[in-house]
Amino acid sequence: MKGLNPTLFLILPLIAAFLLPLGTIIHKRFGKLLNVVTYGIGIAIGITLLMPTLLTGGTVIQMGGWPAPYGIVLYLGPLALCAGIMIYLIALLIEINDINKSRTTYFHLLFNLFIFASIAMLMTSDLFNMFVMMEIGSIAVAGMASSASMRMGSRGGFKYIVMSGLVSMLMLAAIGLLYSATGTLNIAHLASRTSDVLNPSFGFIVGLGLMFAMFFETEQFPFNSWVPEIYEGAPSSLTAAISGIGGIAAVGVFGRIIFTLIQGGSIFYGIFPKLSLIIFIVAIASVLIGEIAAFNEQNLKKMLGFSTVAQFGLILMAFAAGGQNGALAGIYLVLSHTVAKPALLFIAGFFSKASDKGNWKDMKGIGRRFPFLGGAFIALSLSIMGVPMFFGFWGKLELLQTLISGNILSKIAFGAVLLGAVFEGIYLLRVGHSFFEKPDGADVKKFDPKGAFMTAIPVLILALIVVVLGVYPQSIVWSLQKIAADLVDRTQYIAHILPNLIPAVPGGGL
């Protein structure tokens, strides 16, 4: 890592956001080209830093030269770096998918801010700084959704910003209460305070406030009233960004709070079992409601939105189970989802445009016109379902093994996963079969092929990842174990952020 400043990995999209207005004066396509170059450089930097980070544990960046806990400290560890590489990859593929589509400078600027905020959320070790980054990301998403020329997108953007404001107040109140009791908001500093234990009721309220914000970011019931309108009305590139980029960032932050801050003991000692109960209830409800809603939904993009709700519910189940196995299962699931779901949304967006319809029943036979995209939809769906030989299988297998060995609530969640998988298999394969059925009294050539090639490129890349990692999961097992350890091993996290910390003697309370 010598000679390469890790800060550049974070600020690349911020630099691009500031250059966009000036560059657009020179050429109207400047924004698209700049974004492609920016995200390509981000991937290259991430790959360069990957092996040293996995081996040494990461790099600490002191903003303004102030060490923790007095200043804002960023930590580019295995979790932040690997998730950041995926964020840049999905962003690059979104730009390729949109290369011939008209996007305003305003949209490109907000998209870069969204990427910056997503990576910063993963890197920061300060709760208030995390809150600020979540707000920047939320405002960017609402702005991009409202800038779409479709009424449903604007309506969804309005619902999103209203719900975001409500959960933001809860999170800010929880952060304020925590600071009033401890005098610090640095995650490593809080995790190291073994001499101070919060009152159980007080700690539960603080933890609940933090969890509500995470439920919103991961689209969980009942914090997801904005999902149907956003997924139906916003461009598929934006929904792919919300599901892929926003999803992996939210899950990373959720894992950091759950494993490093709360489950590890410290000042939240004894509070995790109560919060775990709440997470399990929300996750089970989200899986069942999301899968049933998707089963009954006829709009293709909205159906995939409900499917996303259920997928994030599975990830939260894994985190609620706790421990190294729970963390590993959640990481498997979020990675497989981040690869497969954006590709499905790319296909859904193209099929909706080619058929000029949103209902999947009106796309009957479209797979005969575009066999690669139709086949890719089925293959990616099999991964989401957790079928063997596809990447999603390994995440669901790890989740089921973790849940079956847990308490009674874990076993209830186990049943919910299996029941949800039945609904999931029916509606995804039903849609895939419809794509290859012979259309009634109409020729398949009616479907407009414009843009098929640029959609096929990102879909091909993501489909190959799904298949290759499904067949050879051992190629990334070591890396995923390092990411899980980054979340679960709070001792190592504290040692990186606070290298000069003198361990406190257990005892006391707040």
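What to note about this one:
- Selection from the stretch 99-110 of residues that are in contact with a Pro (Cβ under 8 Å, 6 or more places away or on another chain) and buried (at least 19 other Cβ atoms within 10 Å of the Cβ): LEU109
- Selected residue (only one of ALA249, ALA318, ALA340 is in contact (Cβ under 8 Å) with a residue 24 or more places away in the chain, within 21 Å of PHE414 (Cβ to Cβ) and not acidic (Asp, Glu)): ALA318
- Qualifying residue in the stretch 294-301 (condition: touching a residue at least 12 places away in the same chain (Cβ under 8 Å), more than 30 Å from LYS101 (Cα to Cα) and in a helix (DSSP H, G or I)): yes
- The stretch 387-433 - residue that is polar (S, T, N, Q) and surrounded by fewer than 23 Cβ atoms within 10 Å (Cβ to Cβ) and, of those, farthest from SER475 (Cα to Cα): ASN407
- Per-region count, the stretch 22-52, residues of a type in the set (S, T, N, Q), crowded, with 18+ Cβ neighbours inside 10 Å and at pLDDT 85 or above: 1
- Any hit, the stretch 324-332, residues being surrounded by 24 or more Cβ atoms within 10 Å (Cβ to Cβ), closer than 21 Å to PHE435 by Cβ and hydroxyl-bearing (Ser, Thr, Tyr): no
- Residue within the stretch 214-224 that is within 16 Å of the chain's Cα centre (by Cα), under 24 Å from PRO13 (Cα atoms) and hydroxyl-bearing (Ser, Thr, Tyr) present: yes
The values are calculated or read from the model by the stated rules, or taken from the named source; none is laboratory data. As the structure is a computational prediction, the values presented were derived from the model and not from experiment. Here the Cβ is made from the backbone with ideal geometry for all residues, glycine too, and neighbour counts use every protein chain on show.
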